[in-house]
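Presented below is the structure to which this report refers.
The values are calculated or read from the model by the stated rules, or taken from the named source; none is laboratory data. Because the structure is a prediction, the values reported are computed rather than measured. Neighbour counts are summed over all protein chains in view; Cβ atoms, including those assigned to glycine, are modelled from backbone coordinates with ideal geometry. Quick note on the areas: whole protein, heavy atoms, side chains included, nothing else; ligands and nucleic acids left out. Shrake-Rupley method; radii C 1.70, N 1.55, O 1.52, S 1.80 Å.
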Amino acid sequence: MVYPDLQVVERALAAVEALRASAIEHEQRNRQLIDAVHPKHRAGATNLLHYLAVRQQDIRELQRQLASLGLSSLGRLEPCALASLDAVRGALDALARRAEVRPPGESPTTFASGGALLEEHARALLGEGRQGRTTRVMVTLPGDARKGELKRLLEGGMDVARINCAKEDAGAWAGLIERLREAGRETGVRCKVLCDIAGPNPRVSKIDGDSARVTLSESGERPWLWLCKDVKRARPSAGSTGAGEVLALGCTIPEIVDDLRPGHRVFYDDGRLGGTVKLVAGGAALVEVDFARQGSVKLKPGKGLNFPDTELGIPSLTPKDLEDLDFIARHADMVGLSFVRSPSDVERLQAELAAREAGHLGIVLKIETTPAFARFPRLLLTAMRSEHVGVMLARGDMAVEMGFMRLAEVQEELLWLCEAGLVPAIWATQVLESLNKTGVPTRGEVTDAAMSSRAECVMLNQGENIVATVAFVVDVLRRMHEHQDKKRALMRSLGVSRLD
């Protein structure tokens, strides 16, 4: 019989003991955060703190050691961090041939209960789901969607309807929800309703200049823009730039200009154009353009603006949002908090819902800004004070704010943290967009749809081929359900494994 190297075993055991001690200490130090969450989230909050303590350290060498011993390398800590550490510690005790193997300590979740609690929370927020898949399907609906189409969507697999409150009005939303409920009664399918509040979503208001096109020259000379609180009154002289006449843009949230500082990045229209603030004066910020997709971009009012480096001193809920919450409190199952940046934003929404006797509504945090990602554990723990909580990975704005190169790792980290908190995640932004718009999918977006199976819900945007797109994603999800459970590969029998 070949015995393992006892020195390797002892080193691994010492490392696991240290991780376990740090997890317990992190829980005790942040006990007030656990006590503040809703009772249904106590286990998830405690497990999240244990997981965060482990992920504050680099354990890759320990993982290699554990793998060399034929043990779990702690790659599936998320739903049961302390129980996983205890299981590995027990196995190492046995390999070290200790006379007495220590029993596991008390853990907030077990290998069985962690996943079960996450699914319980997903059912409460997003609905029961469908046979053959654990990932629900959410569809963004236009206000004029007809009952016949809604019935086809429900029969095809839609589990959640999303209403974007940045578009249309309460009358259109009410009519849509009434038709959706009728379609649900006729098909026997219960569909949840998510209403996204618009939030402080800055956009271009006005454009002042001879031409609204920005072009990067082949010589490397960079154009300039003034981003103004008021295009007519606050536009400074362009002479200081040495670039002649400079195009001026207004912002729908003028106060943002006061928060800008030299060096801050500014992006236009989902990153089609980007630049850097060089100076702020006279109610305007001078932006040097350093990127334009395909070399030239035509600017239009109404397009979005992103400020990934700027701490925006603006309220999280606009007057329009507060008015929309009156409608949402009466008609929806959950509310999406757009452009959330700090725990105080979440607390404000919770207070506004309580004032409307709507504290029972689910809260979905839309993670779409750099500050939201940086503060995500605190945001999540604050939201968990409510009974029903979810997280939407709004990957479009995330890609603009954090860069496309970081998007892959950012979306992974968010999925891990949601699972550790036992909070359902929603995979969003341009899923199967080409199929939805043209009827033909791309290879990349099919892979993206398959990746969505690791979330509790996937969101599709409205489009001409939405019924077929729902059917397509449902088929993908059912297939992936047989192969993948979060990060764990499932090994059903493979037809391709036969040699005949």
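Brief remarks follow.
- Exposure rank, largest accessible area first [Leu71, Leu432, Leu490; 1.4 Å]: Leu490, Leu71, Leu432
- Normalised contact order of the chain, rounded percent, pairs of Cα under 8 Å and 6 or more residues apart: 15
- For peptides 248-261, 303-316, 21-34, 335-348, sequence by mean Cβ density within 10 Å, most packed first: 335-348, 248-261, 303-316, 21-34
- Note that the range 226-232 has calculated 3J(HN,Hα) couplings of 9, 9, 10, 5, 9, 4, 7 Hz, one per residue in order, obtained from phi through the Karplus relation 6.51 cos²θ - 1.76 cosθ + 1.60 (θ = phi - 60°); glycine and proline are x.
- When the residues Trp173, Trp416 are ordered by accessible surface, computed with a 1.4 Å probe over the protein chains alone, the sequence from largest down reads Trp416, Trp173.
- Listed cross-link partners Lys147/Lys486; Lys232/Lys298; Lys40/Lys147; Lys303/Lys437; Lys229/Lys303; Lys167/Lys192 are compared with a 27 Å cut-off, the Cα-Cα value being larger for Lys147/Lys486; Lys40/Lys147.
- Amide H contacts for Val137 (H built 1.01 Å from N in the peptide plane; partners 5 or more residues away or on another chain; cut-off under 5 Å): Asp159, Val160, Val458.
- Around the amide H of Thr442, modelled in the peptide plane, lie the amide H atoms of Ser434, Leu435, all under 5 Å away and 5 or more residues distant in sequence or on another chain.
- Rg and Dmax of the range 27-88, Cα atoms only, in Å: 13.4, 42
- Accessible carbon and sulfur surface of the range 394-500 relative to its total accessible area, %, 1.4 Å: 56
- Accessible-area composition of the range 112-219, carbon plus sulfur, in percent [1.4 Å probe]: 45
- For Ile253, nonlocal amide neighbours, meaning residues 5 or more places apart or on other chains whose placed amide H falls under 5 Å from its own, are Arg203.
- Rolling a 1.4 Å probe over the protein heavy atoms leaves Thr276 with an accessible area of roughly 30 Å².
- Solvent-accessible ranking of Arg133, Arg102, Arg152, largest area first, probe 1.4 Å: Arg152, Arg102, Arg133
- Shape call, the chain: gyration tensor on alpha carbons, a/c limit 1.5: prolate
- For the chain: accessible area per residue (Å², 1.4 Å): 45
- The string of couplings for the range 159-166 from the Karplus curve (6.51, -1.76, 1.60, θ = phi - 60°) is 10, 9, 9, 10, 10, 8, 6, 6 Hz, one whole number per residue in order, with x for Gly and Pro.
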